[in-house]
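Heads up: the structure comes next, in structure tokens.
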Amino acid sequence: MPNANTALIERFYTAFQNRDAEAMSACYAPDIHFQDPAFGVLRGAEAGDMWRMLLGRATDFTLTYDSIDSIGQTASATAIARYTYSATGNTVVNAIQSRFAIRDGLIVEQTDVFDLWRWSRQALGVSGWLFGWTPQMQRAIQQKARKALKAYRQKATP
């Protein structure tokens, strides 16, 4: 029988598979600290809005996950997201390693790790292949992601 923290991470990934950003956000504490290579650090409602934006745009999206480990108030998991990157129409298969900190039955920290150069080669094509490994291109990817999230949040909150 899984412990409560394992069940929480299962709920999170099941919601992710179902493209249910609201259920994903419900797994987060109000003061969530999220970090990944594409968006950098997000806090609070920004994290839920990121999932709303990404899942709202996603086409041909599938997610598999496994290797959920939970020890004390931490957990980790591996996921593979497959989708069409909306800006280019390219197919992306992104292997993500996630670490979680849990407090009072909610996720308070999530750190997703993936190879941004590998992602950029798939999502951006030749420019990602040639320049995706450079700090400049990686900053540009993060700036574009943050700008898109800011625009989404402004549009969602009139």
**Study point:** Sites R118 and T14 - FRET efficiency at Förster radius 30 Å, r taken between beta-carbons, to 0.05
**Key:** 0.70
Check your understanding: How much of the DSSP beta bridge set in region 4-114 is antiparallel, as a percent to the nearest 5?
Key -> 90
Check your understanding: Can you give the calculated 222 nm mean residue ellipticity of the chain, where each DSSP H run of n ≥ 4 adds -39,500 (n - 2.57) and the sum is split over every residue, rounded to the nearest 500 deg cm²/dmol?
Key -> -13500 deg cm²/dmol
Review point. How many nm is it between the label spots at Q143 and D31, if each spot is 7 Å from the Cα in line with the beta carbon?
Key: 3.3
Revision key, fill the gap. Label model pair V93, S127: point-to-point distance (7 angstrom along the Cα→beta-carbon line) in nm is 2.5
Revision key, fill the gap. Between T157 and I80, Cβ-based FRET efficiency (R0 30 Å, step 0.05) works out to 0.40
**Study point:** Rg over Rh, two decimals, region 4-114 (C-alpha only, Kirkwood Rh)
**Key:** 0.94
Practice item. Return the FRET efficiency for the residue pair D69, E46: r is the Cβ-Cβ distance, R0 is 30 Å, and the value is rounded to the nearest 0.05. Key: 0.65
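Throughout, read-outs are computed from the coordinates displayed, never taken from laboratory work. Here the structure is a predicted model, which is why all the values come from computation and not from measurement. With ideal geometry, Cβ positions are generated from the backbone for all residues, glycine too; neighbour counts draw on all protein chains shown.
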